[in-house]
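Structure, as structure tokens:
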Amino acid sequence: MIMNKRNIGVIIMGSQGSGKGTQAKLIAQEYDLQHLETGGILRNIAKEDSEIGNVVNDLINKKGEFVPWEIVKDVLNETVEDFDPERGIVFDGTPRRMEEVSYWEKKLQELGRRFDFIFFIRLPGEESIRRISSRRICEKGGHPLIMGKDVQSDEDKCPICGGDIYRREDDAPEKVLKRLTWSKEILGPVIEHYKEKGKLVEIDGTGSIQEVFEKIKKYINDRI
Ligand SMILES: [Zn+2]
């Protein structure tokens, strides 16, 4: 298949706090791609009152752990098969383990698709911790806030609705550190795999959302 603007396949990976999900949304908008948002799909399943819903809820909302690929696989597979074959896809949150890499390589071939752009948005570990641990949430309206920007102390109220603010347990520095170690172990081999194949595009994630997006866009636009 000849690559054109409409059917490109993009993988977006990133360090924690790199804004990977936001970049995936921006790419999907810019190139009219379908967004395979693994996190969002899992959060929806977690709300279901079913056996699988309970398992996923327990893992992501209570334990803060990754959902095993055996559980994610069928749902993502179904989503991708339902996608418009004429339009490309941004893969967000998968592949992040080696078994997913081999799964998608086979599956995409079946569907006549492929990965054209594989981005990894890299942040130094201390920047991940700094970004994530400065997140706050408003209790009343659920507004996402940033400590040091939207609010200056944990005693402050939400500037949008006046609600109390709190930090999610998962965003505490020690929890972030734990997940960083994890993702290094799990995602590390995936990154190495694409690097060895000469397909990995590393993007410096330290700038603003817009700055990072400009780098991604330039890379794609220079090639399509
Ligand atoms: Zn609020």
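Structure summary
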{"read-out": "Ser128, sole failed condition from (1) in contact with a Ser or Thr (Cβ under 6 Å, 6 or more places away or on another chain); (2) over 30 Å from Asp164 (Cβ atoms)", "value": "(2)"}
{"read-out": "Filtered residue count, segment 33-49, keeping only those that are over 13 Å from Phe91 (Cβ atoms) and surrounded by 14 or more Cβ atoms within 10 Å (Cβ to Cβ)", "value": "4"}
{"read-out": "The one condition in (1) away from the ligand (no atom under 16 Å from the Cβ); (2) closer than 22 Å to Thr206 by Cα that Pro68 fails to fulfil", "value": "(2)"}
{"read-out": "Within segment 181-224, tally of residues that are among the polar types (S, T, N, Q), surrounded by 12 or more Cβ atoms within 10 Å (Cβ to Cβ) and part of a helix (DSSP H, G or I)", "value": "1"}
{"read-out": "Matching residues, segment 138-171, being surrounded by 18 or more Cβ atoms within 10 Å (Cβ to Cβ) and touching a helix residue (DSSP H, G or I) at 6+ places or on another chain (Cβ under 9 Å)", "value": "Asp171"}
{"read-out": "Any hit, segment 140-152, residues being in contact (Cβ under 8 Å) with a residue 12 or more places away in the chain, under 25 Å from Glu185 (Cα atoms) and of a type in the set (Lys, Arg)", "value": "no"}
{"read-out": "Strands (runs of 3 or more DSSP E) wholly inside segment 115-180 containing at least 2 residues that are more than 9 Å from the ligand (Cβ to nearest atom) and within 16 Å of Thr206 (Cβ to Cβ)", "value": "117-122"}
{"read-out": "Complete set of residues in segment 53-70 that are among the charged types (D, E, K, R) and either under 17 Å from Arg97 (Cβ atoms) or loosely packed, with under 13 Cβ neighbours inside 10 Å (or both)", "value": "Lys62, Lys63, Glu65, Glu70"}
{"read-out": "Val176 surrounded by 13 or more Cβ atoms within 10 Å (Cβ to Cβ), under 20 Å from Glu99 (Cα atoms) and in contact (Cβ under 8 Å) with a residue 24 or more places away in the chain", "value": "no"}
{"read-out": "Residue list for segment 71-129, restricted to those being surrounded by fewer than 16 Cβ atoms within 10 Å (Cβ to Cβ), touching a helix residue (DSSP H, G or I) at 6+ places or on another chain (Cβ under 9 Å) and closer than 29 Å to Ile146 by Cα", "value": "Gly125"}
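Only the coordinates and a few stated rules stand behind these numbers; no lab work does. In this text the structure is predicted, and so the values were computed from the model without any measurement. Reconstructed Cβ throughout: ideal geometry from the backbone, glycine too, with neighbour counts over all protein chains shown.
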